[in-house]
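The values are calculated or read from the model by the stated rules, or taken from the named source; none is laboratory data. Since the model is a prediction, treat every value here as computed from it, not as a measurement. Note: ideal-geometry Cβ built from the backbone for every residue, glycine included; neighbour counts use all protein chains shown.
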Amino acid sequence: MKYKLGDFVRFVDERMEGYVTRIIDEDMIGVTGEDDFEIPVQASKVTSVHGHNDGGDKATNQSVPAAATATFKDKGIYLAVVPDHKTSAVVHFYLVNETSYQLLLTLNTLQQQQYKGEFAGVIMPSASEKIYSAPLADLQIWPQLSLQMLYYTSQNRNLREPLTITRKFKAKDFADQQKNVPQLNKPGWVIRLDEDELVIDAEKLKESFFKPAEEKREVGKPEAEIDLHIEKLRDDYQFLNSAVILNIQLEYFKKALDAAIVHQLPEVVFIHGAGNGILRHELHKLLSKNNKVQTFMDARKEKFGYGATKVLIK
């Protein structure tokens, strides 16, 4: 296919022009003009308009940073989804590498049981690369993305295990407000790919019930209402995937419940939101197994709807 998403083209036989917002097949494309209507047209019936592809969606610096002796960064790999600077009907996917490693990256898509290689290349340290584009209107039928990365450095570092990420995007992934993307200096949605999963130490939580009284007095008294929304718990929440967010919320919930028990509070309200119900389900499962909990119920529906749980403590 001669054209790419975001290219500016002009019709050969008509006085019309617009941006390529869909690749239909090898011969057909969709072009969206100023009226925001997409017109299917044969690729042979349009021609590129020079001067519009000003490099606004090209990757940032791919050279090796000059400060090679700076502190080595092991972490900091992001997938950024950025609207095209010419037409918001198209988004571009960037791999943003803030580590000191060179990343050997491949991207494959899976749709209707068909795999397709989309990108293969090297992402230099402190650099980014555009690896995929898609029409935003087709979000519900976007293919599954699979990224595979190998870490390389000439410095004396322990070997890293390859990183494999498989992701099927949904509309809720773009519900949050756009943030400024590292390195690109553009608004978009950013997903952290190399976040460490939290490991909850059950033994340490168990030991907290048997600490001496003087140690228990050091536990801060919790508020009567505890908000578990991730934006209240972490400043970098927009970089976290859903599994990591859930672990952070559950860890915070457990510590807050332990503190409420230590301080002998009669009741405490956990605000978890309605959402998809996963966090609420996990909280209720943990509460049902805790012998220090008398009972629990939905908190005042007129205030919280079904987005909060009231816990009565023995």
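General remarks:
- Top-ranked residue in the stretch 115-133 [being of a type in the set (Gly, Ala, Ser) and more than 17 Å from the chain's Cα centre (by Cα); ranked as farthest from residue 36 (Cα to Cα)]: 126
Matching residues to (1) modelled with pLDDT under 80; (2) surrounded by fewer than 17 Cβ atoms within 10 Å (Cβ to Cβ):
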{"residue": "53", "(1), (2)": "yes, yes"}
{"residue": "57", "(1), (2)": "yes, no"}
{"residue": "64", "(1), (2)": "yes, yes"}
{"residue": "93", "(1), (2)": "no, no"}
{"residue": "100", "(1), (2)": "no, no"}
{"residue": "114", "(1), (2)": "no, yes"}
{"residue": "126", "(1), (2)": "no, no"}
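- A single member of 102, 112 is farther than 19 Å from residue 189 by Cα, over 21 Å from the mean Cα position of the chain (by Cα) and touching a residue at least 12 places away in the same chain (Cβ under 8 Å), and it is 102.
- Where residue 160 falls short, out of the listed (1) out of contact with any strand residue (DSSP E or B) (no Cβ under 9 Å at 6 or more places or on another chain); (2) at pLDDT 85 or above: (1)
- Qualifying residue in the stretch 141-163 (condition: out of contact with any Lys or Arg (no Cβ under 6 Å at 6 or more places or on another chain), hydrophobic (A, V, I, L, M, F, W, C), over 30 Å from residue 40 (Cα atoms) and not in a strand (DSSP E or B)): yes
- Subset of the stretch 258-314 (residues that are of a type in the set (D, E, K, R) and part of a loop (DSSP other than H, G, I, E, B)): 292, 300, 314
- Residue check for residue 253: in a helix (DSSP H, G or I) and under 18 Å from residue 309 (Cα atoms): yes
- Enumeration of residues in the stretch 256-314 that are free of Cβ contacts under 8 Å to residues at least 24 places away in the same chain and among the aromatic types (Phe, Trp, Tyr): 296
- The set of residues in the stretch 182-222 that are modelled with pLDDT of 85 or more and among the acidic types (Asp, Glu) contains only 194.
- Selection within the stretch 1-45 - within 23 Å of residue 139 (Cβ to Cβ), in contact with a Phe, Trp or Tyr (Cβ under 9 Å, 6 or more places away or on another chain) and charged (D, E, K, R): 7
- Residue 39 vs. criteria among the β-branched types (Val, Ile, Thr), at pLDDT below 85 and under 13 Å from residue 135 (Cα atoms): no
- For the stretch 68-85, the tally of residues that are out of contact with any strand residue (DSSP E or B) (no Cβ under 6 Å at 6 or more places or on another chain) and modelled with pLDDT under 90 stands at 5.
- Residue among 278, 261, 245 that alone is under 23 Å from residue 167 (Cα atoms) and either assigned by TED's automatic domain parsing to the domain that holds residue 168 or buried (at least 17 other Cβ atoms within 10 Å of the Cβ) (or both): 245
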